[in-house]
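Everything below concerns the one structure shown next.
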Amino acid sequence: RLFCERPVDAVAIDDIVQAADVAKGSFYNHFADKDALVRAITVEIRAGVERSVGAANAGVEDPALRIVRAVCVYLRYAVDDPERAGVLVRIHGGHTSLEAPLNRGLVADVTAGLSQGRFTIATVEAGVLLVLGISQITLVRVVREPSASAATPLSQQMCALLLKGLGLPATEAEALAARTADEIVRSGAFAATSAA
C-alpha cells in the first residue's frame, strides 16, 4: 500500500514497520534495507503477472497477438488489484533494458514479428520501448480508475495504436485489439494471481 501511494524515496522504514505492525528489528531480520524489500515486492508481483501472461499466451504463435494479450493481462491486473499494479507504476527498476529477465518474452515476440515481416518497426529496441511505453502509461490510467467497463475500451484503443505502431494494417490491428481486450480485460480471463 505504501509503495502504491508514494514514491519509494518517500517511504521510510519507520513507515513500513508501523504499517506492518512489527518492530524495526524484525524488518532487518528479513531485509537488509528498504531496497531489498522493494526488490522482493516487485519480484513477487511481476512473477504473478508473468505466470498469467504465460498462461494467456500458451499455444499462441502470432507475435502481434502475444504482445496484445500480454498487455491486456497487465491491464486486467490493474482492474483486479489496483494497489499492487500501483506498485508496478511507481517502481520501474530498469525494465526498459533488452537484457532484463522480465523483457525476454517481449524481446522474443518483437524479434519474431520483425523476422516474419509482421512488424515494420525499425529495431527490436524501438519495438520493445513502444510496447513498454504504451503499456506503462495505460497501466497508470487504469490504476486510477480500476473498472473493467472503463479499462476495456481504453485497452482496445491503446492496443490498436500499439499494433499499428508496430506496423500491422489498421483493420487487423483494430480487430485483434478489440477481440483481445474483450476476452481478457472485460471478462477477466487469465487474471494475474497475487499472493495474499
Rounded to the nearest 0.05, what FRET efficiency do residue 115 and residue 187 give with R0 = 35 Å and r taken as the Cβ-Cβ distance? Could you check?
0.65
Using alpha-carbon positions, the gyration tensor of the range 1-42 gives root eigenvalues a ≥ b ≥ c; with a/c under 1.5 called rounded, otherwise prolate if a/b exceeds b/c, else oblate, the class is oblate
Long-range share for the range 16-121, i.e. C-alpha pairs more than 23 Å apart as a percent of all pairs, stands at 40 percent
Could you state the number of Å between the C-alpha centres of the range 1-48 and the range 62-95?
21 Å
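Averaging sequence separations of C-alpha pairs under 8 Å and six or more residues apart, then dividing by the length of the chain, give the relative contact order as a whole percent. Each step should come with its number before you reach the end.
Details: 235 pairs, mean separation 54.7, N = 196.
Taking the mean separation of contacting Cα pairs over the length of the chain, I get 28 percent.
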For the chain, what is the calculated [θ] at 222 nm in deg cm²/dmol (nearest 500), taking -39500 (n - 2.57) for each run of four or more DSSP H residues and dividing by its residue count?
-21500 deg cm²/dmol
What is the range 122-178 by shape, rounded, prolate or oblate, if you read a ≥ b ≥ c off the alpha carbon gyration tensor as root eigenvalues and call it rounded for a/c under 1.5, prolate for a/b larger than b/c, and oblate otherwise?
oblate
Whats the longest run of the chain with zero GluC sites (Glu not before Pro) that are DSSP loop and have at most 14 other Cβ atoms within 10 Å?
100-196
Spherically averaged projected area in nm², based on the convex hull that wraps the Cα atoms of the range 61-156
6.0 nm²
Per-residue HN-Hα couplings for the range 169-185, Karplus 6.51 cos²θ - 1.76 cosθ + 1.60 at θ = phi - 60°, whole Hz, x for Gly and Pro?
x, 4, 4, 5, 4, 5, 5, 4, 5, 5, 5, 6, 4, 5, 5, 9, 6
From the phi angles alone, apply the Karplus equation (6.51, -1.76, 1.60; θ = phi - 60°) to the range 128-135 and give each ³J(HN,Hα) in whole Hz, x where the residue is Gly or Pro.
4, 5, 4, 4, 5, x, 5, 4
If you compute semi-axes √(5λ) of the Cα gyration tensor in Å for the structure shown, which of (1) 30, 23, 17; (2) 51, 16, 14; (3) 33, 18, 13 do you land on?
(3)
Where nothing but the Cβ of Lys and Arg (+1) and of Asp and Glu (-1) is charged, how large is the charge dipole of the chain around its Cα centre, in debye to the nearest 20?
160 debye
Scalar couplings 3J(HN,Hα) for the range 107-114 by Karplus 6.51 cos²θ - 1.76 cosθ + 1.60 (θ = phi - 60°), nearest whole Hz, x for Gly and Pro, are 4, 5, 5, 5, 4, 5, x, 5
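Rule-based calculations on the coordinates, nothing more; no lab input. Everything numeric in this text was worked out from a predicted model, so none of it was measured. Neighbour counts run over all protein chains shown; Cβ positions are idealised from the backbone, glycine included.
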